[in-house]
Amino acid sequence: MSVTMRFGPYGGRYVPETVIGALDELTAAFERYRDEPEFLGELGELLGHYVGRPTPIYRARRLEEAWDLSSELWLKREDLCHTGAHKINNALGQVLLAQRMGKQRIIAETGAGQHGVATATASALLGLECRVYMGRTDMHRQRLNVIRMRMLGAEVMPVDSGSGTLKDATSEAIRDWVTNVEHTHYIIGSAVGPAPYPEIVAHFQSIIGIESRAQMLDEVGVLPGTVVACVGGGSNAIGIFRGFLDDPDVALVGVEAGGEGLGGLHGASLAKGSPGVLHGSFSYLLQDPDGQVAEAHSVSAGLDYPGVGPEHSHLRDLGRVTYSNATDEAALSAFLECSRREGLIPALETSHALAYVRDSAATLAGPVLVCLSGRGDKDVDQAGAALGIDASA
Amino acid sequence: MSIRLAPRWALTPVPESGAERLARTFRDADRPLFVPYVMGGYPDLESSARHAAILAEHADIIELGIPFSDPLADGPTIQAAGQVALDAGVRPWDVLAIAEGLKGGPPVVVMTYFNTVIAHGASDFLGRAADAGVAGIIIPDLPVDEAGDIRTAARASGVALIALAAPTTDDARMQEIGEQSEGFVYLVAVTGVTGGEMTMDDRLRSLVDRARRHIPVPVVVGFGVRTPEQAREIGDIADGVVIASEIIRRIGDAPDPAAADAMVEQFGAGISAALRA
C-alpha cells in the first residue's frame, strides 16, 4: 500500500528542495514499518504499558443533565494518556521511525505545549536529543508545559517572529530541519505539513477512532450519531474521524477556534479561509488577497493557527465532515462547566468541542461522542485569569 | 460569428522569451555572472528601487525578492527585511513595478514564495510579471515535482521557471531538475536557509561539480556568499553567484539612505570586479 500524498487537491510537498530527500526517506520508512510486526509490537507495547491505552470512553451524565441533552454524551478519554493528551500517540510512532532511520536528533514545534511535552517525553525515553520551537506568546500562556519540557531534557527555543504562536514556531522548526536535515527528524505534531506528514500523523492518531468505534459498539451497543472534536491543525479530530469515515450515518463535526467571533480575530481556517500553501501543504488558510498568511487568534494556543490539515480541507469540500466553531468565551464557560460538573478539567482546545455540543444540543443526533483530546492542567493559569480564579489566600 | 484580429505574433516578430534572454546573457558573458538580490520594499520601496538600479550597473542579472509572511527558506536577515516591507504595506505589484523600472538593463528574476504566485491565480501573476519585463521566477518552496501547472503557465507567459537544487539532491534528481529548469538552476551552496556562511571546501567543490555534470543549463550558486573572495572562488567553478543576505545586512547597517546607496555601489562594484578578475 502506498502512502497518501494528497487528499483530493489538498496536500503536496511545497518545501525547499533541501528537505525533499528527507521526505522521500520518511515516506519509505513509514511504508516499510507501518505494518511491520516488530515495529507494531514495539509501538503497541509502549501504547499499552507506557501511554495507558486503550483509553476508556466515559459517559458524562452530569453534563447531559446540565446541558439538557436529549441523548447520551460520551467522552473519549485521551486526557488520560501519559503526558495528558493524544499527542503522545504520534510522538511515539514518529520517534520509533526516527530511530529506525538512524536520526539522532529530534525537533518539534508546539503551540499549547502538549506536542512538545509528548516529543520531549518520547525523546527522553529513546535517548534522543530534542529541541522544541515554541512561540514566545505561547511560552507565557502555557508556562507549565515549558517547565515540563525542560525537566524532560528538551531544549525549548523561543520564537519571536510574527505573533509568537504556533505558526511562527512551525516555520522556525522547518528552518531548523532544512539546516540539519541529515541527522535530524522533524516530528510534526498536527496533521499538517508536507506529505507524508499529514498521513503519518493521521495514521498514528487513528487509534483514537479505531478504539472509540469498538468501545461504542461494545459498551453502548450502537455507533455514535455524532462525533465531535476540536480542530486546530486537526490531529485529534482526524484521529477520531478516521474510525467513522466509512459509517455514513455517523455525523462528524470539527470545531474550530471562533476566537472573538468570526467578525473579529479567530482561527477558523475552514470557515473563513481559502485554499493556499502554508508550511508545505495546500489547504484552507487564513490569508489576505495577496496570499500573505494572516495571524490567527484563539484563547487556546493549540487552536491558534491560520492553517488546517489537508485531509480536513478535503473532507470539508466533500461535505463528509461539518466544520463549526466556538468562541473563546463559549470555550471558557464549557471548560468551567466540565470541570465542575464532571470533575474533569479539559484542555482549552477540547473545551471548544464541548462548547459546540452544549450550544448545538437540540440538533445533534445521539449518542454524541466527543474526543476529550487533553486535560487542562496546562491551562489553569490562563483560564484562571480569564475566569477570575486564583490561588490567593 | 465574431471577427478575429490577426494575433499579435503575426504582426510583430516573436518577442524573446525570458528563458532565451537568460540563456543569451550567460552565452554572451565569458565570465561568471553576478546576481545580486534586492528585497522589494526594504528598507522602503523607493530605496529598494534605487538599490536595484545601482546594482544594475554592475550586475548581470538582478534578483528581486517579493516579501512573504512565512518565508521558509530564509534566515533571519531576509525574514526581517520582508517583514519591514510587509509592515509598510508593500504588495507584489509594487515589486513588479521595480522590475518594470529596470527594463533595458540586465534581466530581472523574481524570487517569490508559492502562495504569492497562486493567490491571484498563477496565470494572472505570471502575466503581470511578464508585462513588467521579468525574465524568470524562482519559487523556493516549489520543488520540480509540484511545478507541473505552474511550468505550463510560466511557458505561456514567457517567464522562465528557475528551479533550485541543493546539497541533498541526488544525481538522478539533479538530472530531472536540470531538464525542467529554464534559464539556469539555482544551486543552494549550503544545507540550510539563506544568510548562513558558505565555506569553499571539497564538499562544496564536489557539489558544484556534480551539479554541472548533471544539469545542462547554467548553474548559479547562492546561499551564504558574503565577500568578493568567496564570489571569486564560486565564480571559478560555477556559471554565476547570487549574493543576497549580505547586501540586505549592509543596507540595514547603513546610517542613512545616502550611505546605503554608496555602500550598494561600492559593494556591487567590488563583487563585479572580483568576478572579472
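The values are calculated or read from the model by the stated rules, or taken from the named source; none is laboratory data. Remember, predicted model here, so these are calculated numbers, not experimental data. As a convention, Cβ positions derive from the backbone with ideal geometry for all residues, glycine included, and neighbour counts pool all protein chains shown.
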_Per-region count, region A:360-393, residues in contact with a strand residue (DSSP E or B) (Cβ under 8 Å, 6 or more places away or on another chain) and modelled with pLDDT under 95_ = 1
*Is it the case that A:Ser313 is more than 9 Å from chain B (Cβ to nearest Cβ) and under 26 Å from B:Ala73 (Cβ atoms)?*
yes
*asked:* I'd like the full set of residues that are over 13 Å from the mean Cα position of the chain (by Cα) and buried (at least 17 other Cβ atoms within 10 Å of the Cβ), limited to region A:246-256.
replied: A:Val250, A:Ala251, A:Leu252, A:Val253
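Filtering region A:133-152 down to residues that are in contact (Cβ under 8 Å) with a residue 12 or more places away in the chain and touching a strand residue (DSSP E or B) at 6+ places or on another chain (Cβ under 7 Å), which residue is farthest from A:Ala118 (Cα to Cα)? Steps first, answer last, please.
Applying the first criterion (in contact (Cβ under 8 Å) with a residue 12 or more places away in the chain) to region A:133-152 yields A:133-139, A:141-146, A:148-149, A:152.
The next check asks that each one be touching a strand residue (DSSP E or B) at 6+ places or on another chain (Cβ under 7 Å); those that pass are A:133-136, A:139, A:146, A:149.
On the way: A:Tyr133: 13, A:Met134: 14, A:Gly135: 17, A:Arg136: 19, A:Met139: 16, A:Val146: 12, A:Met149: 9 Å.
So the residue we want is A:Arg136.
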*region A:13-47 - residue that is within 11 Å of another protein chain (Cβ to nearest Cβ), in contact with a Pro (Cβ under 7 Å, 6 or more places away or on another chain) and touching a residue at least 12 places away in the same chain (Cβ under 8 Å) and, of those, farthest from B:Leu164 (Cα to Cα)*: A:Leu23
_Elements of type strands (runs of 3 or more DSSP E) in region A:152-232, at least 2 residues being hydrophobic (A, V, I, L, M, F, W, C)_ = A:155-159, A:226-230
*Residue count, region B:236-274 (criterion: in contact with a Gly (Cβ under 9 Å, 6 or more places away or on another chain), surrounded by 22 or more Cβ atoms within 10 Å (Cβ to Cβ) and hydrophobic (A, V, I, L, M, F, W, C))*: 6
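Could you list, in sequence order, all residues of region B:157-201 that are on the phi > 0 side of the Ramachandran plot, within 12 Å of chain A (Cβ to nearest Cβ) and surrounded by fewer than 24 Cβ atoms within 10 Å (Cβ to Cβ)?
Answer for region B:157-201, where residues must be on the phi > 0 side of the Ramachandran plot, within 12 Å of chain A (Cβ to nearest Cβ) and surrounded by fewer than 24 Cβ atoms within 10 Å (Cβ to Cβ): just B:Gly195.
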*Which one of these is among the polar types (S, T, N, Q) and modelled with pLDDT under 95: B:Thr199, B:Thr169?*
B:Thr199
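Could we say that B:Glu63 is more than 12 Å from every other protein chain (Cβ to nearest Cβ) and buried (at least 18 other Cβ atoms within 10 Å of the Cβ) here?
yes
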*Return a yes/no flag: does region A:296-309 have any residue that is touching a Phe, Trp or Tyr at 6+ places or on another chain (Cβ under 7 Å) and not hydrophobic (A, V, I, L, M, F, W, C).*
no
*Quick one: which strands (runs of 3 or more DSSP E) sit completely within region A:49-144 and have at least 3 residues that are in contact with a Leu (Cβ under 8 Å, 6 or more places away or on another chain) and under 30 Å from A:Gly366 (Cβ atoms)?*
A:57-59, A:73-77
*Some residue of region B:212-219 being touching a helix residue (DSSP H, G or I) at 6+ places or on another chain (Cβ under 9 Å), closer than 25 Å to B:Gly148 by Cα, of a type in the set (D, E, K, R) and within 14 Å of chain A (Cβ to nearest Cβ)*: no
_Which of the numbered conditions does B:Gly104 fail, given that it passes all the others? Conditions: (1) more than 26 Å from B:Asp253 (Cβ to Cβ); (2) buried (at least 22 other Cβ atoms within 10 Å of the Cβ); (3) of a type outside the set (Phe, Trp, Tyr)._
(2)
_For the condition more than 14 Å from every other protein chain (Cβ to nearest Cβ), touching a Leu at 6+ places or on another chain (Cβ under 7 Å) and under 25 Å from A:Lys378 (Cβ atoms), what is the one hit in A:Ser212, A:Ser171?_
A:Ser212
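Pull up region A:1-12, narrow it to residues that are surrounded by 19 or more Cβ atoms within 10 Å (Cβ to Cβ) and closer than 24 Å to A:Arg175 by Cβ, then point me to the one that is farthest from the other protein chains (Cβ to nearest Cβ).
Ranking the qualifying residues of region A:1-12, first place goes to A:Tyr10.
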_Unique residue being away from chain A (no Cβ under 14 Å) and crowded, with 18+ Cβ neighbours inside 10 Å when the list is B:Ala99, B:Ala73, B:Ala81_ = B:Ala99
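Looking at region A:16-60 only, could you name the residues that are in contact with a strand residue (DSSP E or B) (Cβ under 9 Å, 6 or more places away or on another chain) and either crowded, with 20+ Cβ neighbours inside 10 Å or within 21 Å of A:Thr121 (Cβ to Cβ) (or both)? Spell out how you get there, then give the answer.
Kept after step one, since they are in contact with a strand residue (DSSP E or B) (Cβ under 9 Å, 6 or more places away or on another chain), are these residues of region A:16-60: A:16-19, A:22, A:26, A:55-60.
Residues satisfying the conditions are A:Pro16, A:Glu17, A:Thr18, A:Val19, A:Ala22, A:Leu26, A:Thr55, A:Ile57, A:Ala60.
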*surrounded by fewer than 24 Cβ atoms within 10 Å (Cβ to Cβ), in contact with an Asp or Glu (Cβ under 6 Å, 6 or more places away or on another chain) and not charged (D, E, K, R) - does that describe any residue in region A:222-233?*
yes
*When region A:266-293 is examined, which residues are found to be hydroxyl-bearing (Ser, Thr, Tyr), within 12 Å of chain B (Cβ to nearest Cβ) and either touching an Asp or Glu at 6+ places or on another chain (Cβ under 7 Å) or under 24 Å from A:Leu23 (Cα atoms) (or both)?*
A:Ser281, A:Ser283
*Go through region B:112-153 residue by residue and tally those that are facing another protein chain (nearest Cβ under 10 Å), touching a helix residue (DSSP H, G or I) at 6+ places or on another chain (Cβ under 6 Å) and closer than 24 Å to B:Glu176 by Cβ.*
6
*Check A:Thr165 against each of (1) of a type outside the set (D, E, K, R); (2) farther than 22 Å from B:Asp74 by Cβ; (3) under 18 Å from the mean Cα position of the chain (by Cα) and name the one condition it does not meet.*
(2)
*Tally the residues that are part of a helix (DSSP H, G or I), over 15 Å from the mean Cα position of the chain (by Cα) and hydrophobic (A, V, I, L, M, F, W, C), restricting the search to region B:54-99.*
8
*If the Cβ limit is 8 Å and pairs must be 6+ apart or interchain, which residue in region B:128-140 that is within 13 Å of B:Val117 (Cα to Cα) pairs with which residue that is acidic (Asp, Glu) and assigned to a strand (DSSP E or B)?*
B:Ile138/B:Glu63
*asked:* Restricting to region A:136-168, count the residues that are touching a Lys or Arg at 6+ places or on another chain (Cβ under 8 Å) and within 14 Å of chain B (Cβ to nearest Cβ).
replied: 5
